[in-house]
Amino acid sequence: MPYHVHIQQFDGPLDLLLHLIERAEVDIKDIFVSEITREYLAYMDELEGLDMDTASEFLAMAATLLYIKSRQLLPRPPREQPEEEDPEALLIRQLHEYKAFKRAGEELRQLNEAMQGIFTRLPEDVILPPQEVTLSGATMQELYQSFFTLLHTQPDEQLANPLHQVRQDAYTVRVQIAKIRQLFADKRELAFEDLFGPHPARMEIIVTFMALLEMIGHGEIHLSQPAPFAPIRLRARSLAQEDDDADYMDEYPE
Amino acid sequence: MQHQELIGAIECMLFVAGEPVPVLELQRVLDITDLELNALLRELQAGYAANARGIRLSVTAETAQLQSNGAYAQYVEQLLQPAQQRTFSQSLLETLAVVAYKQPVTRADMEAVRGVRCEYAVSQLVKLNMIQPIGRKEAVGRPVLYGTTDAFLRQFGIGTIAELPNYEAYSKGEEPGLEALTV
């Protein structure tokens, strides 16, 4: 059973016709002596899968084929315009030309492939000479002063740990939530700053913030900020108990 | 300038430019005629081709450019990861073939050969700078005529249109090897 190629695979009616002709192993000129027309028309059942423009092109060819076939079957009337090209001859010529350019396209593809390993250089970056920068509105004194201030407000750098140890997270959301709940045991309302000691580590701040998000998400607390940049206040709503089943965002689900 | 210096100057300019350089620009800088420049380019080209050089010279009517020798592609690819070259779909190539071999052609001419609408293919090929409008046909509607570009020549590794495979046969719309049809 020969593999059936669907109409969508063809680049138009000439492509389909050529395929049928080659499959039937006949010459192009014998197109109307063979079953090609019938085979082509069978494909018209597949037109529904195509867009309107493409479908109409296939249909127009079907009409042409039928027209040519009918001229073979019926006695020919005397030609009104003798210089008009015989439609059968026209189609055969079209098929030959189409076949030729299909092959030409293939030759072009081979040319293109031969170029695959050939590269060209990108143009050199032209390096510009360094620009002169002119400062305006600042004196040497002011510049020095701002630099000095900046230098002294830098926090002391921590010594880099030469050995990198993989440790368990020092702060987890679960632990921070427990801490926050503990703080709410004494007061109904807290300030954001109350959650931290004097010099909180960065991770502590981040994880505490995550803990707050979890608690807000569960409706345990309420956050409010009276004005922009004012201190953030936290108020307990319905604090939950320590819950082993809850999955917090820094934990893998069980 | 001495002959050898002229060769060196061309090589130097093409190397630094990287991109295809219009031959008119080379002429201008070196202050030589197009015939002289052509002879020099051919000499440079032959020099690269004769030995197993890593460089080749591509020359078209409009531009000249240094290119790598494809024989060493595997080394280039192991050293760097060069950008993948462009490939075309078969139907784009067939449409391009019609333009290349039969130019100048209108979109209707392309559609007559391929038996399908070519609007998309034409706009794609123009966008890819493989074809360009080169005038209008003096016929009803004054349709645009298309031809191939310099970039087309470089993309397919040829110097002129006549270097296309089987140019004689295809430009007459025949398959190479067949006698001309008499209808």
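On the given criteria, is B:Pro104 over 18 Å from A:His96 (Cα atoms), more than 10 Å from chain A (Cβ to nearest Cβ) and surrounded by fewer than 16 Cβ atoms within 10 Å (Cβ to Cβ)? No: the conditions fail for B:Pro104.
Apart from one condition, B:Leu145 fits all of (1) exposed (fewer than 15 other Cβ atoms within 10 Å of the Cβ); (2) in a strand (DSSP E or B); the exception is (1). Checking every residue in region A:88-104 against the condition of being at pLDDT 85 or above, assigned by TED's automatic domain parsing to the domain that holds A:Ala42, under 14 Å from A:Asp15 (Cα atoms) and among the β-branched types (Val, Ile, Thr) gives at least one match. Kindly provide the set of residues from region B:4-16 that are without any contact (Cβ under 8 Å) to a residue 12 or more places away in the chain and not polar (S, T, N, Q), ordered by number. Result: B:Glu5, B:Gly8, B:Cys12, B:Val16. Checked against the criterion of being in a strand (DSSP E or B) and either hydrophobic (A, V, I, L, M, F, W, C) or within 23 Å of A:Leu122 (Cα to Cα) (or both), the candidates B:Leu66, B:Leu92, B:Leu96 yield just one match: B:Leu66.
So that you can scan it fast, the table gives a plain yes or no per residue for (1) in a loop (DSSP other than H, G, I, E, B); (2) of a type in the set (S, T, N, Q); (3) closer than 14 Å to A:Arg174 by Cα:
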position	(1), (2), (3)
A:Ile206	no, no, yes
A:Phe209	no, no, yes
A:Pro231	yes, no, no
A:Arg235	no, no, no
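Here B:Arg154 fulfils each of the conditions (1) at pLDDT 95 or above; (2) over 21 Å from A:Asp11 (Cβ atoms) apart from (1).
Flag set for B:Ala97, criterion: facing another protein chain (nearest Cβ under 8 Å), within 30 Å of B:Glu168 (Cβ to Cβ) and within 19 Å of the chain's Cα centre (by Cα). Of all residue pairs spaced 6 or more apart or on separate chains, those with beta-carbon atoms under 6 Å, a first member in region B:146-170 that is at the interface with another protein chain (Cβ under 10 Å from one of its Cβ atoms) and a second member that is part of a loop (DSSP other than H, G, I, E, B) and surrounded by fewer than 17 Cβ atoms within 10 Å (Cβ to Cβ) are B:Asn166/B:Pro176; B:Ala169/B:Pro176.
Looking at region B:56-87, which of the residues that are among the β-branched types (Val, Ile, Thr) and at the interface with chain A (Cβ under 10 Å from one of its Cβ atoms) is nearest to B:Leu153 (Cα to Cα)? Don't jump to the end; show me each part of the working.
Narrowing region B:56-87 to residues among the β-branched types (Val, Ile, Thr): B:59-60, B:63, B:76, B:87.
Narrowing the set further to residues that are at the interface with chain A (Cβ under 10 Å from one of its Cβ atoms) leaves B:76, B:87.
Numbers: B:Val76: 23, B:Thr87: 15 Å.
Once the filter is applied, the top-ranked residue is B:Thr87.
Could you tell me which numbered condition B:Ala112 fails, if it satisfies all but one of (1) in contact (Cβ under 8 Å) with a residue 24 or more places away in the chain; (2) at the interface with another protein chain (Cβ under 8 Å from one of its Cβ atoms); (3) of a type in the set (A, V, I, L, M)? Result: B:Ala112 fails condition (1) only. The set of residues from region B:111-137 being on the phi < 0 side of the Ramachandran plot and assigned to a strand (DSSP E or B) comprises B:Ile131, B:Gln132, B:Pro133, B:Ile134, B:Arg136.
Residues being of a type in the set (Val, Ile, Thr) and without any contact (Cβ under 8 Å) to a residue 60 or more places away in the chain are represented in region A:35-42 by at least one member.
Just one of (1) out of contact with any Asp or Glu (no Cβ under 7 Å at 6 or more places or on another chain); (2) more than 8 Å from chain B (Cβ to nearest Cβ); (3) at pLDDT 90 or above fails for A:Glu107. It is (2).
The values are calculated or read from the model by the stated rules, or taken from the named source; none is laboratory data. Keep in mind it's a predicted model, so treat the numbers as computed, not measured. All Cβ positions, even for glycine, are placed from backbone atoms using ideal geometry, and neighbour counts span all protein chains on display.
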